[in-house]
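K.L.:
If you scroll down you'll find the structure; I have some questions about it.
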Amino acid sequence: MVDGDANSYWESANNAFPQWVQVDLGATRTVGRVVLKLPPSSAWATRTQTLAVTGSTDRSSFGTLVGSAARTFNPSTGNQVALTFSAAQTRYVRITVTGNTGWPVRQLAAFEVYAS
């Protein structure tokens, strides 16, 4: 997910929701935008993943940055979802997925975190 290869991806075990993945920014930072990507190949059908974004400064107490909602990944528009939210101080950014219409797993090729 952070290897720079758009065609490699992480996939969870089948029917094992919820699933989460998090990134450690190394220090507390101001964040306000997350971009999630699936492989850009048109071989991937459009799918909707239900997900939420949370953040933490201590890796034990997480607050909501983006509430849980269905997000559509469509290969014709880059197979990515950009989520912008109110700027927050956080070190750990976590994506929690509770559903996927394309396959009963969590899939992610890239997880990018930005200040805004």
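Bear in mind that the values in this text are calculations on the coordinates, not laboratory data. Since the structure is predicted, the reported quantities are computational estimates derived from the model, not experimental observations. Positions of Cβ are backbone-derived with ideal geometry, glycine not excepted, and every protein chain shown enters the neighbour counts.
K.L.:
Please list, short to long, the whole-number percent of alpha-carbon pairs of the chain in consecutive 10 angstrom bins beginning at zero.
P.N.:
Values per bin, smallest distances first: 14, 48, 33, 6.
K.L.:
Stretched out fully, how many nm does the piece from SER42 to ASN14 gain, at 0.36 nm a residue minus the Cα gap? Spell out each step's value before the answer.
P.N.:
Numbers: separation 28, 0.36 × 28 = 10.08 nm, distance 2.24 nm.
Using 0.36 nm per residue and subtracting the Cα-Cα distance, I get 7.8 nm.
K.L.:
So, one more: Could the peptides 70-82, 49-61 be put in order, highest first, of the mean number of other beta-carbon atoms found within 10 Å of their residues?
P.N.:
Sorting 70-82, 49-61 by mean packing, highest first, produces 49-61, 70-82.
K.L.:
Can you tell me which of ALA88, ALA69, ALA27 moves the most in a GNM of the chain? Springs connect C-alpha atoms under 10 Å apart.
P.N.:
Largest GNM mean-square fluctuation: ALA27.
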